[in-house]
Amino acid sequence: MLTLLAAAAMLLPQGEAKLGRDARSDMPREVMESNLQLVWYRVFVDADGAIKECRIRAIHGSIDDVTPLCSALIGKKVHPGVGPDGMPIASYMDGAFNLSDNLPKVPSLPAEVDVKMQVETWPEDGIKPVRTQIIVMVGPDGHIRQCLPTNDAMPEYSAAACANVEGMEMPRKSEADGQPMAYLYPLTFEFTDERL
C-alpha cells in the first residue's frame, strides 16, 4: 500500500535584521576594532525562539577567534519556525550582519564592472551611471546564497544589486582536499540608462 503525504508550508525563523543589530551591540571591543566587516551565520532556534547553537559560515575581513561572534548570538530571541500544523518548531535560520564601524570606505570603485544593468527611469537629478559594490556569499554549489552592501551610501542601488544576483551562478571553489567550499566575493554593479 502506497501512502502519499501532502506537503504543507513551513516557515523558518524570522528576525534576522534585529538579531544583527542586537549582536553588534553585544560584540566585544576587540571584535569591533578588528578589520572584520561581514559575518554569515547559521543559528539553531528552539520552539520558543531562543538561539541555542551557532555556526559561522563565512566572514569578510579577519579575526583570530570567531567564538565571540557566536557568543553574541546565542541566547538571543527570534520568531521561531512554524510547522505545517501552525505550531512553533525548532529549526534553523541563516543570516548575515555587518559590523558597520568596520565596513570598507570605497572612495573609488574598481574600473572593471562585474555586472551592468540598464535602468529605464532615473530620478530627475540622478547622476548617471551609478556604481555600487556588494559582497556575496557563494555556496559550495557555485550559486550566490546571500549578499550585503559594502557601504550604505546608496541603499536603493545596493538592494537592487542584491535582488538581481540571488541564485546567480559563480565559479565553484574547492578546499585543498577537493571538497566544494563556500566563499565570499565582491561584485561591482553599474546602473546605466545606456542600451546594453
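The values are calculated or read from the model by the stated rules, or taken from the named source; none is laboratory data. As the structure is a computational prediction, the values presented were derived from the model and not from experiment. Note that we place each Cβ from the backbone using ideal geometry, even for glycine, and neighbour counts take in every protein chain shown.
Is it fair to say Asp22 is at pLDDT 80 or above and within 22 Å of Pro155 (Cβ to Cβ)?
Working: at pLDDT 80 or above: yes; within 22 Å of Pro155 (Cβ to Cβ): yes.
Answer is yes for this residue.
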Scan of the stretch 139-181 for residues that are at pLDDT 80 or above, touching a strand residue (DSSP E or B) at 6+ places or on another chain (Cβ under 7 Å) and hydrophobic (A, V, I, L, M, F, W, C), ordered by number: Ile144, Cys147, Ala161, Cys162, Val165, Met168, Met170, Met181
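Here's the yes/no breakdown for (1) at pLDDT 80 or above; (2) crowded, with 17+ Cβ neighbours inside 10 Å; (3) of a type in the set (Phe, Trp, Tyr):
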site	(1), (2), (3)
Glu30	yes, no, no
Asn35	no, no, no
Leu73	yes, yes, no
Pro84	no, no, no
Ile89	yes, yes, no
Glu124	no, no, no
